[in-house]
1. Filter the stretch 39-56 down to residues that are surrounded by 13 or more Cβ atoms within 10 Å (Cβ to Cβ) and of a type in the set (Gly, Ala, Ser) and give me whichever is farthest from Val2 (Cα to Cα).
2. Are there any pairs with C-beta distances below 6 angstrom linking a residue in the stretch 50-62 that is free of Cβ contacts under 8 Å to residues at least 12 places away in the same chain and at negative phi to a residue that is assigned to a loop (DSSP other than H, G, I, E, B) and of a type in the set (A, V, I, L, M), with the two at least 6 apart or on different chains, and if so which?
3. Within the stretch 25-38, which residues are modelled with pLDDT under 85, surrounded by 10 or more Cβ atoms within 10 Å (Cβ to Cβ) and among the hydrophobic types (A, V, I, L, M, F, W, C)?
4. Answer yes if at least one residue in the stretch 4-20 is of a type in the set (Lys, Arg) and either within 17 Å of Gly60 (Cα to Cα) or touching a helix residue (DSSP H, G or I) at 6+ places or on another chain (Cβ under 6 Å) (or both), and no otherwise.
5. Please identify the pairs in which a residue from the stretch 3-27 that is on the phi < 0 side of the Ramachandran plot has its Cβ atom under 6 Å from the Cβ atom of a residue that is crowded, with 17+ Cβ neighbours inside 10 Å and assigned to a loop (DSSP other than H, G, I, E, B), counting only partners at least 6 apart or on another chain.
Amino acid sequence: MVSYETIAKAIEKPTAQRAVGTAIGCNRLGYIIPCHRVLQKVGGIGGYRWGTTRKKAILGWEMAKL
């Protein structure tokens, strides 16, 4: 899992967390490109294009596989 802030820093735009969130929210290939694994810096679930209930379910399913 990674935070929006971590991604912003990786692309050398450390203050662009919201822009990262907006870009991730435009991802139409949700499970193929695992945007559901991006969380808030403080550990919150954050948003998800298909709803936070689905995001939590996918994360739970993945964690159960570990």
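1. Gly47
2. Sorted first by the residue in the stretch 50-62, then by its partner, the pairs are Thr52/Ile45.
3. Of everything in the stretch 25-38, those that are modelled with pLDDT under 85, surrounded by 10 or more Cβ atoms within 10 Å (Cβ to Cβ) and among the hydrophobic types (A, V, I, L, M, F, W, C) turn out to be Ile33, Cys35.
4. no
5. These pairs meet every condition: Ala8/Ala16.
The values are calculated or read from the model by the stated rules, or taken from the named source; none is laboratory data. In this text the structure is predicted, and so the values were computed from the model without any measurement. Every residue, glycine as well, gets a Cβ built from its backbone with ideal geometry; the counts of neighbours run over all protein chains shown.
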